Amino acid sequence: MQRWPEALLCAILMCALSGCRHKVTLPTLPQILTPVELVSIPEPALPMLQTPEVEMPPMPIAAAAAHPRRERKRTVAKTLVPPTPEPETSAQEDTVAIGALSTGGDSNPRSQQEAAEMITTNEKRLNGLSAQIVEAQKAQISKVRNFQKQAQDALGSGDVEGAKTLATKAKLLLDDIEK
């Protein structure tokens with residue numbers, strides 16, 4: 001008696017799973033008897049714009065990331081140039097040396113120290129940039145290095161205000177690069 005419901009359930013499942021035996025036929029479409037005229041697309045009045053080629057940085061390779069290279073730390077020597085006493089000049093020879101960036105005047109050791117620290121800080125930041133940023137921002141980094149060299153030269157010639165101005169310009173460019 002217990003086998004009777006199981007046998008009935010198996011029979012119902014076999015009928016349900018066997019599916020429909022009717023084949024589905026698609027209706028045939030009538031043939032087109034009249035000819036259809038093909039439409040031609042007119043040429044555009046304005047010439048098409050060419051897309052400019054953009055130079056992309058090279059794709060990073062996973063194998064290169066497996067063994068990152070250590071960058072050597074560059075040591076930057078702090079050089080302070082002691083102010084050289086200028087010889088006394090007559091009132092007729094009050095001219096500023098060629099290439100001076102400021103009006104001159106007395107420069108105190110604190111200003112020289114600030115300018116030297118600013119130049120050193122910029123150098124450390126510049127050396128700490130990643131290789132990808134350096135590759136992508138070659139022109140900006142070249143400008144920063146140029147400002148740094150000019151600031152160092154100005155500090156060496158005793159033009160502290162000019163050195164500070166140039167170091168500040170280099171700092172602002174570095175800020176833009178790091179964004």
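Throughout, read-outs are computed from the coordinates displayed, never taken from laboratory work. Quantities reported herein were computed from a predicted structural model and do not represent experimental measurements. Glycine also receives a Cβ, built like all others from the backbone with ideal geometry; neighbour counts cover every protein chain displayed.
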Top-ranked residue in the range 136-155 [being of a type in the set (A, V, I, L, M) and in contact (Cβ under 8 Å) with a residue 12 or more places away in the chain; ranked as farthest from Glu123 (Cα to Cα)]
Ala136
Would you mind stating whether Gln113 is among the polar types (S, T, N, Q) and more than 30 Å from Pro57 (Cα to Cα)?
yes
List pairs: first residue in the range 156-174 and of a type in the set (Lys, Arg), second residue part of a helix (DSSP H, G or I) and buried (at least 21 other Cβ atoms within 10 Å of the Cβ) anywhere in the structure, Cβ distance under 7 angstrom, at least six positions apart or on different chains.
Lys164/Ala115; Lys169/Phe147; Lys171/Asn122
